Amino acid sequence: MSGPGRRRLLAALAISLLVATASGAQSRPATLRLASLPQSVVTRYRAGFGGGGALGPELRVALDRGVRDGVVFPTERGAIRRDWLVRKPIRLVPGPEAVGLGGRGDFELVAVRPPAGPAAWTEVDIAPRSGRPDDVLILEIGGELSTISQVLDAIFVLDGGVSELSLSPTALIARTGVPVLNAPFGRPLARPDARGRFHPGGGLAFLVVRSLVEVMVDGASTPHGMADVSPHWAGEWREGDRLLVRIPQATLGAGLPSLLLSWKDRVSLEPIESGR
């Protein structure tokens, strides 16, 4: 092969190698670690009287290697009972729904690995597909129909230290923190201001969507028979939350922080004059 032909062949091989390397880098998954616990368990690890202060270092020990079966005494630190772990559905918000929340680009949810062994972490593997530096992923956690651990209490970002992000429901006096927006259950958040309401933290951004979820209707079948029948409409409702997490491509590539979510129960009953 002549000199110019050899150089052209080498250049073509080099370009192919660069393209293959870039494609592999784009599809390499990043892992987000999530832990969800009841509010009562998180309170055990807070400092101060009544558990109102910052989280103590024993919680990180418990999350990493303290999950076990059997009894955990109230005064015991560094341990979490396995049945205390809260399981939540996780999904990538797709297409136009993601665009309305500030998302762009193409991502794949490669795997969701539930907690195993002594660790409390759910591991979420996410692979970028389009690989543009300004791509943004929208992840949704929660939003299921259940009766316990439905309301988000606090978000903790673990990245070296522990940063707590409080929630800020709609109120007459605005507070700092992650906004909580009301929306119908099971439907996309169709609000034009939604993309601008995300609250930053740890290279990510957060928004909570809160919905009323009817869990018991008049005359419904229960394990003990039919529910009370009333001449008036009457139902039992729970507030259910879903957490939206906005993850830029830059944070995905640089390494993701871990997230701890604290959940609590809440029931809203109709006034007695409505039949309850």
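Bear in mind that the values in this text are calculations on the coordinates, not laboratory data. All values reported here derive from a predicted model rather than from experimental measurement. Note that each Cβ is placed from the backbone with ideal geometry, even for glycine, and that neighbours are counted across all protein chains shown.
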For the Ala250, Ala116 Cβ pair and Förster radius 30 Å, calculated FRET efficiency rounded to 0.05 is 0.50
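Between Ile148 and Asp265, what length in nm is gained on full extension when 0.36 nm per residue of separation is reduced by their alpha carbon distance?
Gain on stretching Ile148 to Asp265: 41.6 nm.
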Ala54 and Val99 label points (each 7 Å along its Cα→Cβ direction) are spaced in nm at 4.4
In whole Hz, the Karplus estimates of ³J(HN,Hα) for the range 185-194 (6.51, -1.76, 1.60; θ = phi - 60°; x where Gly or Pro) are 5, x, 10, x, 6, 9, 10, x, 8, 4
Zone reached by a paramagnetic label modelled 7 Å from Asp125 Cα along Cα→Cβ, restricted to the range 67-103 with backbone N below 20 Å, covers 88-93
By the mean-Cβ-within-10 Å protection proxy, highest first, 79-91, 243-255, 180-192 rank as 243-255, 79-91, 180-192
Here the gain from full extension of Ser163 to Thr75, 0.36 nm per residue of separation minus their alpha-carbon distance, amounts to 29.3 nm
